[in-house]
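Just so it is clear, none of the values below were taken in a lab; they were calculated from the coordinates. Since this is a predicted model, take the numbers as computed values, not measurements. Using ideal geometry, Cβ is built from the backbone for each residue, glycine included, and neighbour counts are taken over all protein chains shown.
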């Protein structure tokens, strides 16, 4: 308990004192993004373009509608944001945003996922200031929301979003404290080659905060955040035998039922498998992360006996 | 196919002869005109509609920032890069088909694309692990900056390996080189897919885009990187035209003419490799241009090597720019990479060509 | 009469089968968790703990069997293609069959959510198209070895370009599909083995029953015709069966190259003129190679698994280059 409180306090401290803080003065807004680059905005941005789900998410959460967003090709924009994004210009996929379209919408800020846009950084910067963000861990998410808030001229609202999120995590942790939790695995595709996520990934980190034990383990490359996980052999999965399995959506029908160890896993036999929505994969945005907490609460916490 | 008496270049003559007789001139004119047309289309058409006046204003620097950017920073360098890689791949394929005396040869058979791809994938992956502890801000930019150089080096090393393994009894055997190239390319491709599958989970989409051969994000810097190689390649080809004509005769004749066959072959191979590897380094592997264009130029130009050469360069550029144009306008804002479009366009045409052959 | 350079068939068969059995047992013991022989026996008679039993019986046993069967299928497919086209470079990988089959499966999985039964059918269709395209491009009459290879490369690069293009629109599935494209036996259990079994056993059985026409086809066309064989019809049948074997396997394991090329070559070397043993030995050697590659794949990157396609390429390619260097360019048998 005290450990959890200390952990959350530590996160807040890191966020407040991190070099990623910026400030506003009458010369405009200055920010340092996750590339270490400094952005200079003459005024708060009102026309953000989003290259990644996070950008759209945070813009909507802070009340500034984005002027252009990237999407998933055949699958379109993420479901949970779709109603609010109708009519917004599409930029193509997040790793290849259409620069001509981006230029034509005349944005004054681009909120992007760093690892996909870094290679085109110069060209995007020429169109509008680029806020490139790592969006992997909880700390990344908090910092990213704060930066976006400053860039969009709504720092107080961003801070409120962060505070509310952290309070909610903490209260859930306290409520769950002392109850039997178990091991959990977050997998994509349970079929032939399941991929399991490490502890630092946002959803699994949240699960860990709430007392669950992620079988994915620690990342071997903690400074970088990449890779996000690894392909787990079925024998290893069987040995780890998580109590609960969360599956990210896959387009293959019932792919996991083809897995030979599937019937033998404890989670399968006790019925503790749940499919989680797609935003678990890109959960750094304020709306998405609240929904992840909703899902965790609904699936894993309320089913615990009082 | 007409063979006017004056057009066959004689082996003993110096310099390049591009005779100006009727059919040839018309051919070259048509080629040049198509190039101009696609160039213009490439600058005008795209995801955003622009009028002629806007394009002109953009070129002369007289318009809004957005139009200026689209025309001058996005479309113009991209189209010109397309021209260059079209020339590179087409000429490289042409040389290789001549060298191996096989109409199905192209840069892929030397393993250049496969070698460059493997190095590119590895560079992407290693970029994660390299600098993570030192400066967390510097992870991938190191790999990305030098990616063209790495990829080109990978292609060159592979080609050299294939070349050396393709020697038989001390001189180059086209057959053995082809087979060795096929085996090595297959191996490298499997390794590339494996490496990407095993380590590349976080970068799959990025690498996939590179592996498809794409002009996305091409800027003036890419053009600057590529141009010296184009000039080197063209100069080399200029030197090679006469020896190539001689090499068209069979080996016995050639030896009696005392031409130092091996040395010229090696040189031609080097030029073909440099052309292909530099292009692959900048845009990734684009397969079909080098396979298809030499066929077309041979059909149109007959046995006349210099005309084949010029036509090859022109048509290669046209195909590359056209493929890229189609790729970025058909499903806007999504883009189909130039490698995929040229493959889709190329295959039916290729089959048609081959079906007409004896 | 076996000559000095070749081994007696009985010894050959004995050696390969013993190797196979040995590898099979090692494959049952080896993995992220080493299972000792006594534990193995316990698992087989049901007296060990659940984890060991599942590991051995559900994971490793069917996987090893699939490795042997799949490798045999590839080996035989390669031998058949080489034999009936009299081109020692014909193989499912080099003639574009595998790449085209993989393209078919990837397009099916990207554009729809297929039931498992459609995968081998689609793979077969794709493989058929790819193989047909290669032979058309190579020119029907001549079929010079290098032309077939180059045509196959052209078809393979086309299929690869289209596959890569498809992967760009497959969004989140791309990483999964890339893993599949690297070729792997991981996670193939009894269910997959059951599904692929008819596709592999029936053609294999048919091919072994048709040994006489097969031998005749390897002679000159005119000679075979003089002996009463409808040459082009039989050739087509054989090629179709070979295609079936390769494409069906691709549907379940992803593309695995080089085995169809290397196994027949090694078999050829070992048996010399005794052509009647070529097919069976190609089968055995193919199974041996794939099983060995799979075992290595399980161990080398412990605790993860490498895709087996990488290993067959690493094993097969240097061997092929050695072959290319040790004798004159492979021509007709």
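For the reader, a short list of remarks on this structure follows.
- Which of C:19, B:89, B:350 has the fewest Cβ neighbours within 10 Å, and the rest in rising order: C:19, B:350, B:89
- Extension gain, residue C:299 back to residue C:45 (0.36 nm per residue minus Cα-Cα distance, nm): 88.8 nm
- Translational D in µm²/s for the protein assembly as shown (Stokes-Einstein at 4 °C, 1.567 mPa s, Kirkwood Rh from C-alpha pairs): 43
- When you restrict to C-alpha pairs under 8 Å that are six or more residues apart and normalise by the size of the range A:180-301, the relative contact order lands at 28 percent.
- Partner shielding of C:111-123 amounts to 2, given as the average count of beta-carbon atoms from other chains within 10 Å of each residue beta-carbon.
- Helix axis angle, A:2-17 relative to chain A longest principal axis, alpha carbon, degrees: 20
- For peptide C:308-314, the mean count of partner chain Cβ atoms within 10 Å of a residue's Cβ comes to 5.
- Chain A: relative contact order as a whole-number percent, Cα under 8 Å and 6+ apart: 16
- Note on C:107, C:47: ascending count of other Cβ atoms within 10 Å places them as C:47, C:107, the fewest first.
- Chain C: relative contact order in percent, alpha carbon pairs under 8 Å with at least 6 residues between: 32
- Beta bridges assigned by DSSP with both partners in the protein assembly as shown are antiparallel in approximately 40 percent of cases.
- In degrees, nearest ten, helix A:286-296 long axis to first principal axis of chain A (Cα): 10
- Springs between Cα atoms under 10 Å define the GNM used for chain A, and in it the highest mean-square fluctuation of A:56, A:44, A:82 occurs at A:82.
- Shielding value for B:333-344 is 6, the average number of Cβ atoms from other chains within 10 Å of each residue's Cβ.
- Fraction of antiparallel bridges per DSSP, the range A:180-301 only, in percent to nearest 5: 35
- By other beta-carbon atoms within 10 Å, ranking C:214, B:72 with the fewest at the front produces B:72, C:214.
- Nearest 10 degrees, 0 to 90: helix A:155-176 Cα axis against chain A principal axis: 10
- Comparing mean-square fluctuations of A:179, A:154, A:281 from a GNM of chain A with C-alpha springs under 10 Å, the top value falls on A:179.
- DSSP beta bridges in chain A [antiparallel fraction, %, rounded to 5]: 35
- Prolate/oblate/rounded label for the range B:25-336 (Cα gyration tensor, a/c 1.5): oblate
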